[in-house]
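Heads up, the thing below is written out as structure tokens.
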Amino acid sequence: MPTGDNAHEQAKNKERIVAEWMIKGQAKREKPITILKLFSGKVGEDPMSFLENLIIDAEANGWNDTDLLEVIRGFLKDDVREWYIDN
């Protein structure tokens, strides 16, 4: 498991890859895509609301289940992202 600066660099690289994938998808669809808010699991954030919005945005963006699994980690941060990557 990556640690320190290496983990941060890998997370930034994954975010860049997700952003590039989304931009390619937008160009292919020729319409704007919706961008999901980040989720970190901190106090006050509602995980059910995040997941409901994720489904709505995925449908709006034309994402299938495979697409969704590829991009979801780009919208997770902090401990939630680490949990997702580890599991």
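The values are calculated or read from the model by the stated rules, or taken from the named source; none is laboratory data. None of these values were measured; they are calculated from a predicted model. Glycine also receives a Cβ, built like all others from the backbone with ideal geometry; neighbour counts cover every protein chain displayed.
Residue pairs whose Cβ atoms lie under 8 Å apart, sitting 6 or more positions apart in sequence or on different chains, and linking a residue in the range 60-87 that is on the phi > 0 side of the Ramachandran plot to a partner that is of a type outside the set (Asp, Glu), are GLY62/GLY25; GLY62/ARG29; ASP78/SER40; ASP78/GLY41; ASP78/LYS42.
I'd like the residue in the range 38-63 that is modelled with pLDDT under 85 and in a loop (DSSP other than H, G, I, E, B) and, out of all such residues, is nearest to LYS12 (Cα to Cα). Step by step, filter the range 38-63, then rank; the result is TRP63.
May I ask you to list the residues in the range 1-34 that are more than 16 Å from ILE72 (Cα to Cα), at pLDDT below 75 and not β-branched (Val, Ile, Thr)?
We begin by selecting, within the range 1-34, every residue more than 16 Å from ILE72 (Cα to Cα); these are 1-9, 24, 26-32.
Cutting the leftovers down to at pLDDT below 75 gives us 1-5, 24, 26-32.
The answer is MET1, PRO2, GLY4, ASP5, LYS24, GLN26, ALA27, LYS28, ARG29, GLU30, LYS31, PRO32.
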